[in-house]
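Each remark here refers to the structure printed beneath this line.
Read the figures in this text as sums done on the coordinates, not as results from a lab. If you're wondering where the values come from, they're calculated on a predicted model, not measured in any experiment. Counting neighbours? That spans all protein chains shown, and the Cβs are built from the backbone with ideal geometry, glycine included.
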Amino acid sequence: MTEAPVILQKSVELRDPHDCTDSGDALAILEAVFDAPVRRRPGGGYDPALAERWTVSDDARTWTLHLRDGLRFHDGRPIEAEAMAASIRRMQRPDVGATLGAPAVWGQYLGGAEIAAVDASTVTVTTAEPLADLLEILASAYAVPPEVDEPGFPARPVGSGAYRVEAVAPGAAVHLRRNPDWWGEPPSNDALVFRAEPDAEARAAAVVSGAAAAATRLRPSRQERAITAAGRHWTGFTDPTSIIYILNAAAGPCADARVRRALTLAVDRVRVIARVLDGDGGPLTGFVSAAHFGADPVVGDIHDPDQARALLTEAGHGGGLTLHVDTPTRLPDEAQALTAELAAQLADIGVTLVPHVIEDRVFYAEQVRDKNIHDLCVFDSSPMSTFRVLYEKIDSRVAGSWWQGYRNPEVERLLDSARRTVKDEARAGLYRRTYHALLEDPAWLTLYHHRLGTALAVAAPRSPMRDDGVLDVTLLPDFNGR
């Protein structure tokens, strides 16, 4: 192993810190280099970060952030309230917060908000509408210096995180050095190198041989045995990204709730996972994962082909039904195999699937965004936020980038109530009711999450993988044994 422990990922990139991304590879590096007012904790919820504490008004509109004393950027400049406020204001811009097919994600929440530095250590954020889940946005509000928009910033970014950037080889490697002025407990390793290795077998083999200290996003069925047999350490986790079929609720057969419900009951998810993923997955019955705030997963299997047939007959399709499905060739990479397995299972209830394969993944996303899908399409749902999934993808009043005609007034009423409810327990209860409403009247055909693993050269006292599938470098063990 080199002096600086190497972490191998499928990809390595230093993105604009205010891009909206759910990529675990990108976020692992962003979270090492930058700090936000709050930080996701392993196991769910939020811990103080740049803000040591916060309060929210009863109407869920005004959030007051109290910053820690002595905060500094990596180059020594102080981080006071105005710098934090300016960073949050940057997220309001229409050219910031883009993700594939959906520009200015943060702006839809922070647009119209008043963001002010009350004094040197206090920032207030007053949103235009109640937003009890604002912490889910502020967790991405990384403090950035004024030169963040300059062309040279990505090559040597300045943040305030546990590690500072020493060198960047674009797309290949990022070299980090521990930040001695970080506000938190010093991480175990003086330096780290994130290196790209697209091949999972090669990532695992490097940990086995000692050439790498860690490797992420490995497959249990393919790599776990070799890792443990070599005396290395395996940390399994469930990727919260949901693999789904978006159903066209605007037109065609899937506009009928009985057809949508029939499809969800017809699928044997355990069989799908066994045949498509070699077992490397967990069944998904609801619209978000079990790790999402307010989720209330069904215990047991909802597979019920007899009820599915009855619903199709009631909807007028007792003699059979043909559905057209859009399928990409990657993201998810198993999309074509998944559609083939789905076709085999739906044939048992009299449904014929006609696939339409689209190789250009960007065009595919644009087609979905433009509401130009057939009856259903393979997709994923990735925000680690129950509120954002509902608002951006299911609320008909928003009609967001990935919304496809679904309408449910009860779900929207519950969402409005949740926006105004600042008590976590009460808000979680509203989301549990929403979860069950969407089981009865599904917007999507939900299938599974990938089950993955991280290999470590030495054991970690606690798992460094958060519930959102992001490697937290501050929880890594000391790989050099000092």
(message) Under a crude label model (7 Å from the Cα following the beta-carbon direction), how far is Glu314 from Ala116 in nanometres?
(response) 5.5
(request) State to the nearest 20 debye the size of the charge dipole of the chain about its Cα centre, where the only charges are +1 on K and R beta carbons and -1 on D and E beta carbons. (result) 500
(request) Give me the number: length gained by fully extending Ala290 to Arg77, i.e. 0.36 nm times residue separation minus the C-alpha to C-alpha distance, one decimal in nm. (result) 72.6 nm
(request) Have a look at Ser242, Thr322, Ala399 and report the one farthest towards the positive end of the charge dipole of the range 242-450, computed about the Cα centre with Cβ charges (Lys/Arg +1, Asp/Glu -1). (result) Ala399
(request) Provide the per-residue ³J(HN,Hα) series for the range 455-461, in order, calculated from phi with Karplus coefficients 6.51, -1.76, 1.60 and θ = phi - 60°, each as a whole number of Hz, with x at glycine and proline positions. (result) 9, 10, 5, 10, 5, 9, x
(request) Starting from the Cα-Cα distance between Asp69 and Ser463, subtract it from 0.36 nm times their residue separation and give me the gain in nm to one decimal. (result) 138.9 nm
(message) Output the 0 to 90 degree angle, nearest 10, between the alpha-carbon long axis of helix 409-420 and the longest principal axis computed from the alpha carbons of the chain.
(response) 20
(message) To the nearest 20 Debye, how big is the dipole of the range 106-156 about its Cα centre, given +1 on the beta carbon of each Lys and Arg and -1 on that of each Asp and Glu?
(response) 120
(request) Find how much the distance from Thr228 to Asp47 grows on full extension, using 0.36 nm per residue of separation minus their present alpha carbon separation; answer in nm with one decimal. (result) 61.9 nm
(request) Using packing as a proxy for protection, rank 351-364, 184-197 so that the peptide with the highest average count of other Cβ atoms within 10 Å comes first. (result) 184-197, 351-364
(request) Go ahead and run the numbers for FRET between Ile302 and Thr55, Cβ-Cβ distance against an R0 of 41 Å, rounding to 0.05. (result) 0.50
(message) Placing unit charges on C-beta atoms (Lys and Arg positive, Asp and Glu negative, everything else neutral), compute the dipole magnitude of the range 242-450 about its Cα centre in debye, rounded to 20.
(response) 700
(message) Which residue, Leu131, Pro198, Ser209, has the largest displacement toward the positive end of the dipole of the range 73-224 when charges sit on each Cβ (Lys, Arg +1; Asp, Glu -1)?
(response) Ser209
(request) Name the long-range amide H neighbours of Ala460: under 5 Å, sequence gap of 5 or more, or other chain; modelled H, no Pro or chain starts. (result) none
(message) Take Ala128 and Thr329, extend 7 Å from each Cα along the Cα→Cβ direction, and tell me the distance between the two endpoints in nm.
(response) 4.2
(message) As I understand it, the value is the acute angle between the Cα axis of helix 424-440 and the longest principal axis of the Cα atoms of the chain; what does it come to in degrees, rounded to 10?
(response) 30
(request) Sticking with the crude label model, points 7 Å out along Cα→Cβ, report the distance from Glu185 to Asp199 in nm, one decimal please. (result) 3.9
